[in-house]
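Note sheet for the following structure.
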Amino acid sequence: MPPRFAHRGLMLDVCRHYVPIDYIYKFIDLLAMNKMNVFHWHLTDDQGWRIEIKKYPKLTEIGSKREKTLVDYYYVNYPQVFDGEEHEGYYTQEQIKDVVAYAASKYINVVPEIEMPGHALAALASYPELSFDSTQTYKVSPTWGVFEQVFCPSETTFKFFEGVMDEVVELFPSEYIHIGGDECPKTAWKNSAFCQQLIRQLGLKDDVTPSKVDGVKHSKEDKLQSYFVTRMEKYLNDKGRNIIGWDEILEGGLAPNATVMSWRGVEGGLNAAKAGHNAIMTPMPYAYLDFYQEDPAIAPTTIGGYTTLKKTYSYNPAPDDADELVKKHVIGMQGNIWREYMKNSDRTDYQAFPRAMAIAETGWTLDANIMAGRD
């Protein structure tokens, strides 16, 4: 009998803390052992750019390094304390080719993620002209969170991403390229004369009535993000690829062929599916493997949250009583390993397992066959 879902994956964040290449191979082995078939490789973020792009060498010369890293819990620990140690690392294109080939030998597809238009600081530190103020000095972030410094939706930025994607598609044969799309504050866009002129030029306006997709009134700046995502989608579609984005890509209008990765809950994925778009379910309360899985008083520090193995195993991405469009368009489930507090492979393994095994089982086995296990 074939697996229940086509997409059964884990995301590994290598930006907050670089992962040595040897562990990447071990991680792929763990995926294969648990009958998962997608390795989602989160390669760019505010805290580091981890993929070699030959057209833009500063991305790794500058963007792969930060001067220090926050220690202890970042909401509580004020004033913030840092380790004072430089953190760096990236993967060469030859290393990436070898990883992709190894994964393929295990029947695993590698989906790269290149973040846009937010989570931009590592790129802006490397190429300030991608920002709203090229005279400003940007730094690869030593701490976590969501930052106001985002990409300017200029022709310079689009040409940059087209150049990046030209190399990415040569390295990754995956049908899907993940373009991020999450946590992009619109403050800079609202305050930018350039963006406001572009908004007028494109005829974008604030919603008067709620969107039919998600029931929310979206701003003209939300629609500018939709323009950004749709433009990059078209570029990748022309190269025979499709995009995946976090569920914020629903805001302001969903790109025509996009797959939504639903992380802020289940509604984003369900709304996308009902609108005829494929969705991958990875809701934070069930699938964020950086959350505590035991008593926080005795567990190592992590980002927060609390998700037990039982809770992860209780989640059903497409229940039997779901809308038929949901059953058709929910194509899988994924766990996410955000590594703000995972400095080594042992800690990563501790956070990921055994909860990742529950996600793998949910993705593989018909729901009726595992109800007893959920009870």
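Please treat every number below as a calculation from the coordinates, not as lab data. The structure presented is a predicted model; accordingly, all values stated were derived computationally and were not measured. Heads up, the Cβs are rebuilt from the backbone with ideal geometry, glycines too, and the neighbour counts pull from every protein chain shown.
Which option, [x] 0.93; [y] 1.23; [z] 0.95, is the value of Rg/Rh (Cα atoms, Kirkwood Rh) that was calculated from these coordinates?
Only one option fits the structure, namely [z].
To the nearest 20 Debye, how big is the dipole of segment 226-310 about its Cα centre, given +1 on the beta carbon of each Lys and Arg and -1 on that of each Asp and Glu?
380 debye
Restricting to DSSP H runs of at least four residues, report the calculated mean residue ellipticity at 222 nm for the chain, -39500 (n - 2.57) per run over all residues, nearest 500 deg cm²/dmol.
One gets -10500 deg cm²/dmol as the mean residue ellipticity at 222 nm.
For segment 139-296, what does the alpha-carbon gyration tensor say about shape, rounded, prolate or oblate, given a ≥ b ≥ c as the root eigenvalues, a/c under 1.5 as rounded, and a/b over b/c as prolate?
Note, shape of segment 139-296 comes out rounded.
Looking at the chain, do any whole DSSP H helices span at least 15 angstrom along their long axis by alpha carbon and average 0.0 or above on Kyte-Doolittle, and which?
Sorted by number, the helices that extend far enough and score high enough are 21-33, 155-171.
Going toward the positive end of the dipole of the chain, with +1 on Lys and Arg Cβ and -1 on Asp and Glu Cβ, which of Leu12, Ser154, Ala272 do you reach last?
Ala272
So, R0 is 22 Å and r is the distance between the beta-carbons of Met1 and Asp320; what FRET efficiency does that work out to, to 0.05?
E between Met1 and Asp320, to the nearest 0.05, is 0.80.
Residues of segment 178-192 with the amide nitrogen closer than 19 Å to a label point 7 Å from the Cα of Thr156, along Cα-to-Cβ, please.
188-192
When the chain is fully extended, how far beyond the present Cα-Cα distance does Ala104 get from Thr135, taking 0.36 nm per residue of separation?
6.8 nm
Treat the count of other C-beta atoms within 10 Å as a stand-in for reagent exposure and order Thr308, Thr187, Thr157 from fewest to most.
Going from least to most buried by this count: Thr187, Thr308, Thr157.
Loop sites only, by DSSP: take the chymotrypsin sites (Phe, Trp or Tyr not before Pro) in the chain that have at most 15 other C-beta atoms within 10 Å and name the longest stretch containing none of them.
In short, 108-375.
Report, in debye and to the nearest 20, how large the dipole of segment 7-373 comes out about its Cα centre when Lys and Arg carry +1 and Asp and Glu carry -1 on their Cβ.
540 debye
Kindly put Arg16, Arg4 in sequence by how many other C-beta atoms sit within 10 Å of each C-beta, fewest to most.
By the 10 Å Cβ count, ascending, the order reads Arg4, Arg16.
If the limit is 18 Å between Cα atoms, which of Lys54/Lys139; Lys54/Lys159; Lys186/Lys223; Lys58/Lys139; Lys58/Lys239 go over it?
Lys54/Lys139; Lys58/Lys239
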